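Colleague: Dropping the structure in here first, questions after.
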Ligand code: SF4
């Protein structure tokens, strides 16, 4: 136990996930909170975890001399800074981390009143920051970097509050070899996949199933890090070193899926994957056996020009796109297709054509997001340069190029002028795409894939919840509509949560992973 400096009682570590909206129940556990709990050195005791997507922070819980860790991405940075100022005013040490703090450490120090910022992975650097705070000597910056996969920490699931989350989350790989222009993952987590050891992943999954979680999100940047094209390209090189590295990574994926396949049949995994996996039938088959029943696939655009806009030329478009997405469904993997609206090549007809394609491709869920230049991306850099060249626009004195600092009600929904469409038109039609895809008629039609009436009703509820949480609260500008949606999301979420849990299995044994023969793994 460590005592607070100049104060009475033991020092408490707080880990806070900032959010402006609290729903009481959340869909997926914010994994980083529980990973940093593991990374907290034992002498500090158990950290106190506050996920503001469940309930807002109670400031009185923070005492002078405590250490408060706040993780931010661009979307919740403004709330994170408010929490940081509040914690510092109460005499606590304030440490920021997360993607946004990694990109803008000075901003967190200035606006979040941070004592310190951990850049990059917190698995190792967080412990050092805590020890320095405890001796009143925090450094301004800790370079967490990209830790090796063997140093990835597991999560402290014993600290999970009961009855709050529908899905648990486990990470199996960090990094993505692609370079999509709207995405910062490949720059922050790196382009070289860092895969966690199979046994450690499976151990964590088993721990969760023992607690009664049967739905688990594999919170990876890209679950399919080595494509058949990657293997073919490496195979053409005279030096086979890279080929052998890729084969090793691929083999580990199959070992992981073989181990997951040995888990109880009621388990359901969901992951994020690139579309190329659909042409890899052995991989799809292994996913199915491993109980991976759903995947978020970044479709982004249904046209060739749209894909070029976002440097995603490896995706297909038109009929081939629909056929490839259907391949997931045939393999028993339901797709949540993600689409971006507001791309320069979008036209009047893009919105309806996208919903039509989503229908035709048998997507189970879809999300329609507005093109937003996020820091750390290629798009953002180009946009900032253009804005600066044009003199820079401001909202309430805050440059648009720091849009995350504009209070939510005043924050624009779209930033990049469109060559042919009015921005408000794009926003309204994006809202329309959500309304169309999640209309009662369409949702009920999709629910027919399920056999029992209970499952169909559950599907309808989850579909409506998804729409309320992400469309109405994220795209709508009418505050009454946003509040109504937040209220109904809260209610639906409480009902839905019960549908996701199963009876705990405290005796569940950990399956053993077996080396997978290369012939199977490489699709040879
Ligand atoms: S959008 Fe997906 S595929 Fe593209 S770089 Fe990001 S994680 Fe990789």
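The values are calculated or read from the model by the stated rules, or taken from the named source; none is laboratory data. As the structure is a computational prediction, the values presented were derived from the model and not from experiment. Heads up, the Cβs are rebuilt from the backbone with ideal geometry, glycines too, and the neighbour counts pull from every protein chain shown.
Colleague: Answer yes if at least one residue in the stretch 321-332 is away from the ligand (no atom under 16 Å from the Cβ) and touching a strand residue (DSSP E or B) at 6+ places or on another chain (Cβ under 7 Å), and no otherwise.
Modeller: Yes, some residue in the stretch 321-332 is away from the ligand (no atom under 16 Å from the Cβ) and touching a strand residue (DSSP E or B) at 6+ places or on another chain (Cβ under 7 Å).
Colleague: Then there is this: Can you go through 121, 132, 158 and tell me which one is surrounded by fewer than 16 Cβ atoms within 10 Å (Cβ to Cβ) and either away from the ligand (no atom under 16 Å from the Cβ) or touching a residue at least 60 places away in the same chain (Cβ under 8 Å) (or both)? Break it down stepwise before answering.
Modeller: Details: 121 fails: surrounded by fewer than 16 Cβ atoms within 10 Å (Cβ to Cβ); 132 fails: surrounded by fewer than 16 Cβ atoms within 10 Å (Cβ to Cβ).
When all the criteria are applied, what remains is 158.
Colleague: Oh, and also: Of the conditions (1) within 25 Å of the chain's Cα centre (by Cα); (2) surrounded by fewer than 21 Cβ atoms within 10 Å (Cβ to Cβ); (3) free of Cβ contacts under 8 Å to residues at least 40 places away in the same chain, residue 257 clears all except one; give me its number.
Modeller: The single condition residue 257 does not satisfy is (2).
Colleague: On the basis of being over 19 Å from the mean Cα position of the chain (by Cα) and surrounded by fewer than 21 Cβ atoms within 10 Å (Cβ to Cβ), does residue 82 make the cut?
Modeller: yes
Colleague: Output the number of the condition that residue 23 fails; it satisfies all remaining conditions of (1) touching a strand residue (DSSP E or B) at 6+ places or on another chain (Cβ under 8 Å); (2) crowded, with 21+ Cβ neighbours inside 10 Å; (3) assigned to a loop (DSSP other than H, G, I, E, B).
Modeller: All conditions are met except number (1).
Colleague: Now a separate question. Any residue in the stretch 312-324 that is farther than 25 Å from residue 186 by Cβ and without any contact (Cβ under 8 Å) to a residue 24 or more places away in the chain sitting within a Cβ distance under 8 Å of a residue that is away from the ligand (no atom under 14 Å from the Cβ) and in a helix (DSSP H, G or I)? List the pairs, counting only those 6 or more apart or interchain.
Modeller: 318/304
Colleague: Which of the residues belonging to the stretch 217-226 are within 11 Å of the ligand (Cβ to nearest atom) and over 19 Å from the mean Cα position of the chain (by Cα)?
Modeller: Passing the criteria: none in range.
Colleague: Go through the stretch 281-308 and count every residue that is within 16 Å of the ligand (Cβ to nearest atom), more than 20 Å from the chain's Cα centre (by Cα) and surrounded by fewer than 21 Cβ atoms within 10 Å (Cβ to Cβ).
Modeller: Total meeting the criteria: 1.
Colleague: Still on this structure, please answer the following. Report, by residue number, each residue of the stretch 182-216 that is part of a loop (DSSP other than H, G, I, E, B), farther than 14 Å from residue 152 by Cα, within 9 Å of the ligand (Cβ to nearest atom) and in contact (Cβ under 8 Å) with a residue 24 or more places away in the chain.
Modeller: 182, 183, 184
Colleague: Which of (1) farther than 24 Å from residue 221 by Cα; (2) at pLDDT 95 or above; (3) under 20 Å from the mean Cα position of the chain (by Cα) is the odd one out, the single condition residue 57 does not satisfy?
Modeller: (3)
Colleague: Condition first: in a loop (DSSP other than H, G, I, E, B) and in contact with a helix residue (DSSP H, G or I) (Cβ under 7 Å, 6 or more places away or on another chain). Now tell me which residues in the stretch 418-433 satisfy that.
Modeller: 418
Colleague: A follow-up question, please. Given the residues 67, 95, which is the only one that is within 24 Å of the chain's Cα centre (by Cα), in contact (Cβ under 8 Å) with a residue 40 or more places away in the chain and closer than 21 Å to residue 118 by Cβ?
Modeller: On the way: 67 fails: within 24 Å of the chain's Cα centre (by Cα).
None of the others qualify; the one that does is 95.
Colleague: Here are some conditions: (1) out of contact with any strand residue (DSSP E or B) (no Cβ under 8 Å at 6 or more places or on another chain); (2) over 22 Å from residue 271 (Cα atoms). Residue 139 meets all but one. Which one does it not meet?
Modeller: Against the list (1) out of contact with any strand residue (DSSP E or B) (no Cβ under 8 Å at 6 or more places or on another chain); (2) over 22 Å from residue 271 (Cα atoms), residue 139 comes up short only on (1).
Colleague: Here is a list: 91, 97, 145, 127. Which entry is within 15 Å of residue 14 (Cα to Cα), more than 16 Å from the ligand (Cβ to nearest atom) and surrounded by fewer than 17 Cβ atoms within 10 Å (Cβ to Cβ)?
Modeller: 91
Colleague: Check every one of the helices (runs of 4 or more DSSP H) wholly within the stretch 217-320 and list those with 2 or more residues that are modelled with pLDDT of 95 or more.
Modeller: On the way: elements: 228-235, 241-261, 281-289, 304-309.
Result: 228-235, 241-261, 281-289.
Colleague: Something else about it: Assess whether residue 104 counts as being more than 16 Å from the ligand (Cβ to nearest atom), touching a strand residue (DSSP E or B) at 6+ places or on another chain (Cβ under 6 Å) and modelled with pLDDT of 95 or more.
Modeller: Criteria not met by residue 104.
Colleague: If you don't mind, another one. Could you tell me how many of the residues in the stretch 161-174 are out of contact with any helix residue (DSSP H, G or I) (no Cβ under 6 Å at 6 or more places or on another chain), modelled with pLDDT of 95 or more and either away from the ligand (no atom under 16 Å from the Cβ) or part of a loop (DSSP other than H, G, I, E, B) (or both)?
Modeller: 1
Colleague: From the list 41, 18, 10, pick out the single residue that is at pLDDT 95 or above and either more than 23 Å from residue 121 (Cβ to Cβ) or over 23 Å from the mean Cα position of the chain (by Cα) (or both).
Modeller: Answer to the check: 41.
Colleague: Which condition does residue 381 not pass, out of (1) over 14 Å from residue 182 (Cβ atoms); (2) surrounded by fewer than 20 Cβ atoms within 10 Å (Cβ to Cβ); (3) within 24 Å of the chain's Cα centre (by Cα), if it passes all the others?
Modeller: (1)
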